[in-house]
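Take a look at the structure below.
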Amino acid sequence: MPTLSSPTPGRPPELLRPAGGITLSRRSPDRSLALNAAVRANLDHLRPWLEWAAEAPSTARTAELTEAGMAAWDAGTDFIYLVGLDAEPGRVIGSFGLHRRIGPGALEIGYWVGTDHVGRGIATTAARALTGAAFALPGVHRVEIHCDPANTASAAVARRLGFRLDRTVDAPVRAPGETGRKQIWVQERRPTP
């Protein structure tokens, strides 16, 4: 369930179409079954890094989380997107979010891409689009990506996008692949000339 905190002024676009034939669209009830199918098909891939992937969600649970995500979007506290391929409309291959859980003036990007689509640049392309969308919001001056040091694929996305590793901190182990450490990758809004 999204963590609610202070609202973000403004909202990012509900639809993002970065290069590469992918689309990021606001999570909605009409895609709930496709999201549930994607999560269930990727549980083994997601389980090491995501606490919520410990067990397969029911379609009712996915619908419930979709409703909560829509309410968080409307409240301005979380912005959850589903990732799809232009060539396969209706299919969900991952999920990305901008989360307001790290304090004022900042948003955290969280993401996952299905195992069949890893290594194709989708996570990097989508995270780049979300970074731009975050910085376009009033009052947002910092974007972060948090990941376990053992999750080298997530760290590689941050590195490719020019995020800098700000620090590594102790963190509770909530998923089987986690080490009890968390890397905080940061990108700050560049001043306009």
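The values are calculated or read from the model by the stated rules, or taken from the named source; none is laboratory data. The shown structure was predicted, so the numbers you read here are calculated from the model rather than taken from an experiment. So basically every Cβ, Gly included, is an ideal-geometry build from the backbone, and we count neighbours across all protein chains shown. All accessible areas refer to the heavy atoms of the entire protein, side chains included, with ligands and DNA or RNA removed. Shrake-Rupley method; radii C 1.70, N 1.55, O 1.52, S 1.80 Å.
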So Thr66 fits all but one of (1) crowded, with 17+ Cβ neighbours inside 10 Å; (2) out of contact with any Leu (no Cβ under 8 Å at 6 or more places or on another chain); what number is the exception?
-> (2)
State all residues of segment 22-38 that are charged (D, E, K, R), under 14 Å from Arg91 (Cβ atoms) and in contact (Cβ under 8 Å) with a residue 12 or more places away in the chain; if no residue qualifies, say none.
-> Arg31
In segment 145-177, what count of residues is obtained for those that are in contact with a helix residue (DSSP H, G or I) (Cβ under 9 Å, 6 or more places away or on another chain) and either surrounded by 18 or more Cβ atoms within 10 Å (Cβ to Cβ) or part of a helix (DSSP H, G or I) (or both)?
-> 12
So, of the residues in segment 90-126 that are in a helix (DSSP H, G or I) and under 19 Å from Leu35 (Cβ atoms), which turns out to be most open to solvent (accessible area, probe 1.4 Å)?
-> Asp116
Here is a list of conditions, (1) on the phi > 0 side of the Ramachandran plot; (2) in contact with a Ser or Thr (Cβ under 7 Å, 6 or more places away or on another chain), and Gly162 meets all of them except one; can you say which number that is?
-> (2)
Given Thr125, Thr131, Thr152, which one is closer than 24 Å to Ile184 by Cα and without any contact (Cβ under 8 Å) to a residue 24 or more places away in the chain?
-> Thr152
Note on segment 39-57: residues touching a residue at least 24 places away in the same chain (Cβ under 8 Å) and in contact with a Lys or Arg (Cβ under 8 Å, 6 or more places away or on another chain) are Glu51, Ala53, Ala54
Within segment 71-88, is there a residue that is within 26 Å of Arg159 (Cβ to Cβ) and acidic (Asp, Glu)?
-> yes
